[in-house]
């Protein structure tokens, strides 16, 4: 049963919000709350990530205000692969050093200017170490998709993410070259100044 949330509006300036607490909730007692919030309030609802994953629940004023889900990156993504410039062999070896932002939710009653880009910036400073702590290796690159029919991706651009290109509009199980789903913008964020060199190595 969905948990009843305090939906009293949280508004104002970012500096008035107070300290933010970034909580990793996977395999904790708050993971069901995280899953429930996405299921109730994200337009794509909750979907169990596949492979390596991190789940962040962000709190302010003793209330949850945002959820971010990260998972293993797709093995093939043309716009990203061209941007990185790695070989097929390097990609097979090193795709584990990328993470995909599969869900980003600000709860609908939270209306604080610049909060979304601030959260993305804070995550970028810590996610590689969090991944290292859990999986034994760092991250060098982040990526996500933005559906231009719904969103402009403003918070990602404000946090210095880069538009890499577009998806083909074909799922990985598609047997044709005809798009069968919406075409999305592919955005990326390098976490290391030598990301191309590191991701291009064949180990």
message = Can you sort 17, 98 from fewest to most other Cβ atoms within 10 Å of each residue's own Cβ?
response = 17, 98
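Dividing the Cα convex hull volume of the chain by residue count, how many Å³ per residue is that?
Numbers: hull volume 27.0 nm³, N = 203.
Output value, Cα hull per residue: 133 Å³.
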ask   = Most exposed first by the Cβ proxy, i.e. fewest other Cβ within 10 Å, how do 30, 21, 81 rank?
value = 21, 30, 81
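222 nm [θ] for the chain, helices only, -39500 (n - 2.57) per DSSP H run of 4+, per residue, to 500? Intermediate results must be reported in sequence, preceding the final value.
On the way: 6 runs with 57 residues, N = 203.
Counting only the DSSP helices, I get -8000 deg cm²/dmol.
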remark   = For 6, 147, ascending order of other Cβ atoms within 10 Å (fewest first) is 6, 147
request  = Round to the nearest 10 and give me the degree value, 0 to 90, for the angle of helix 115-135's Cα axis relative to the longest principal axis of the chain.
outcome  = 60
request  = Within region 22-54, find all residues whose amide N lies under 16 Å from a label point positioned 7 Å from the Cα of residue 122 along Cα-to-beta-carbon.
outcome  = 22-25
message = Highest mean first, how do 61-69, 99-107 rank when packing is the count of other Cβ atoms within 10 Å averaged over residues?
response = 99-107, 61-69
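FYI, it's all coordinate maths here, none of it is from the lab. Nothing here was measured: the structure is a model prediction, and the numbers come from that model. Note that we place each Cβ from the backbone using ideal geometry, even for glycine, and neighbour counts take in every protein chain shown.
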